[in-house]
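A.B. asks: First, the structure itself, so that you have it in front of you.
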Amino acid sequence: MKLKKVFQRKETKYLLTKEQFPAFLGELQQKMAIDEYGQHTIMSLYYDTQDYRFIRHSMDKPKYKEKFRVRSYGVPTEQQLIFLEIKKKVSGVVYKRRVPMPYADYCRWMQTGVLPSMEEAPQIAAEIHWLFKKNPDLLPKVLIAYDRLSLFVDDDSEFRVTFDQNIRFRTCDLMLGSGSDGALVAPEVGVLMEVKALGSYPIWFVELLNKYSVRKGSFSKYAQTYQRHLFKKEERLHVI
């Protein structure tokens, strides 16, 4: 199966309680199927500048913003593929461009400071090179992990629903191969649902949202981690 490298869609987030989740999921499965991976762990290593310029800009709600992260599906072995991703949001539409590479190649980059060539996706690789040239102090800042369940509709590959639980973070030992352990970002959050779509929702899905009184919420994993944990730590460092 050819790996998808470019995504374009709108992403809308909703917060469900742990009590709502089982019944909501049960009804959703009458229309959608859980994908082949079942519940799996995603690890995202977010890069930022020394003064957290990327996330600070993102939290100002601009029309254009971008993030750079390294993503792994599960704890990677040396030859397992991980993904270097540039995620941009322009006027509410999310554009994600990514390059796969073996985890061993990423580790060599960390040791040598030399980005691999990434020949199979030269345009995306050029964007990544330019991003690091423009931001020479761009470094790994926080690893965020969570357990995800993804559902899809057979006749609409652009409509997907994901559920994330146990959203956790750590700021030390930032190698993906070290595992997904971390402290909870927001212990009060039950389940984060994300709806990924380009067009309008199916009528049946809108009715399901209304039946369970599920409303849009605002929860950026990196922004919440920064606001709740990293910002306070940064303030203490400046005081010292």
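The values are calculated or read from the model by the stated rules, or taken from the named source; none is laboratory data. All values reported here derive from a predicted model rather than from experimental measurement. Glycine also receives a Cβ, built like all others from the backbone with ideal geometry; neighbour counts cover every protein chain displayed. SASA here: full protein model, heavy atoms, side chains in, ligands and nucleic acids out. Shrake-Rupley method; radii C 1.70, N 1.55, O 1.52, S 1.80 Å.
A.B. asks: By accessible area of protein heavy atoms, probe 1.4 Å, what ranking do Thr17, Thr12 get, highest first?
C.D. replies: Thr17, Thr12
A.B. asks: Of Leu149, Leu192, Leu209, which is the most mobile in a GNM of the chain whose springs link Cα atoms less than 10 angstrom apart?
C.D. replies: Of Leu149, Leu192, Leu209, the most mobile in the Gaussian network model is Leu209.
A.B. asks: Using a 1.4 Å probe on the protein heavy atoms only, what accessible surface does Ser200 show? Give it in Å² to the nearest 10.
C.D. replies: Only protein atoms counted, so the area is about 110 Å².
A.B. asks: Another question, then. Which length gain, in nm to one decimal place, applies between Leu81 and Ala104 when the Cα-Cα distance is subtracted from 0.36 nm times their residue separation?
C.D. replies: Numbers: separation 23, 0.36 × 23 = 8.28 nm, distance 0.90 nm.
Full extension of this stretch gives 7.4 nm more.
A.B. asks: I would also like to ask the following. Rounded, prolate or oblate, given the Cα gyration tensor of segment 1-111, with a/c below 1.5 counting as rounded? Spell out each step's value before the answer.
C.D. replies: On the way: a/c = 1.90, a/b = 1.21, b/c = 1.57.
In terms of gyration-tensor shape, oblate.
A.B. asks: Among all stretches of the chain without exposed GluC sites (Glu not before Pro) (DSSP loop, at most 15 other Cβ atoms within 10 Å), which one is longest?
C.D. replies: On the way: sites that count: Glu19, Glu36, Glu78, Glu119, Glu120, Glu188.
Counting at most 15 other Cβ atoms within 10 Å as exposed, the longest clean stretch of the chain is 121-187.
A.B. asks: Let me ask something else about it. Return, for the Cα atoms of the chain, the radius of gyration and Dmax in Å, separated by a comma.
C.D. replies: 18.3, 57
A.B. asks: Considering only protein heavy atoms, with the full assembly of protein chains and a 1.4 angstrom probe, order Asp137, Asp181, Asp164, Asp173 by accessible area, largest first. Can you show the working numbers first?
C.D. replies: On the way: Asp137 50, Asp181 120, Asp164 0, Asp173 90 Å².
Listed by decreasing accessible area, they come as Asp181, Asp173, Asp137, Asp164.
A.B. asks: Here is a follow-up. Sum up the charges of everything whose Cβ sits under 13 Å from the Cβ of Ser218, counting Lys and Arg as +1 and Asp and Glu as -1, but leave Ser218 out. Kindly include the intermediate steps, with their values, before the conclusion.
C.D. replies: On the way: positive: Lys13, Lys61, Arg215, Lys216, Lys221; negative: Glu11, Glu194.
Its environment carries a net charge of +3.
A.B. asks: Follow-up question, since we're still on this one. Go through segment 193-203 residue by residue and turn each phi into a ³J(HN,Hα) via Karplus (6.51, -1.76, 1.60, θ = phi - 60°); whole Hz please, and just put x for glycine and proline.
C.D. replies: Working through the residues one at a time gives 9, 10, 10, 10, 7, 9, x, 6, 6, x, 4 Hz.
A.B. asks: Report, in deg cm²/dmol and to the nearest 500, the calculated mean residue ellipticity at 222 nm for the chain, where each DSSP H run with n ≥ 4 adds -39500 (n - 2.57) and the sum is divided by the residue count. Numbers along the way, then the final one.
C.D. replies: On the way: 7 runs with 61 residues, N = 240.
Here the helix-only value at 222 nm equals -7000 deg cm²/dmol.
A.B. asks: Considering only protein heavy atoms, what per residue accessible area in square angstrom results for the chain with a 1.4 angstrom probe? Don't skip to the end; give the middle numbers.
C.D. replies: Details: 12650 Å² over 240 residues.
Accessible area per residue: 53 Å².
A.B. asks: Next question, about the same structure. Ser91: accessible area at probe 1.4 Å, nearest 10 Å²?
C.D. replies: 80 Å²
A.B. asks: Hey, another quick one. If you roll a 1.4 Å probe over the chain with all protein chains in place, what percent of the accessible area is carbon or sulfur? Before the final figure, lay out the partial values.
C.D. replies: Values: 6750 of 12650 Å².
It is 53 percent, rounded to a whole number.
A.B. asks: Can you give me the angle between helix 103-112 and the longest principal axis of the chain, using Cα atoms only, in degrees from 0 to 90, rounded to the nearest 10?
C.D. replies: Between the helix axis and the principal axis of the chain, the angle is about 30 degrees.
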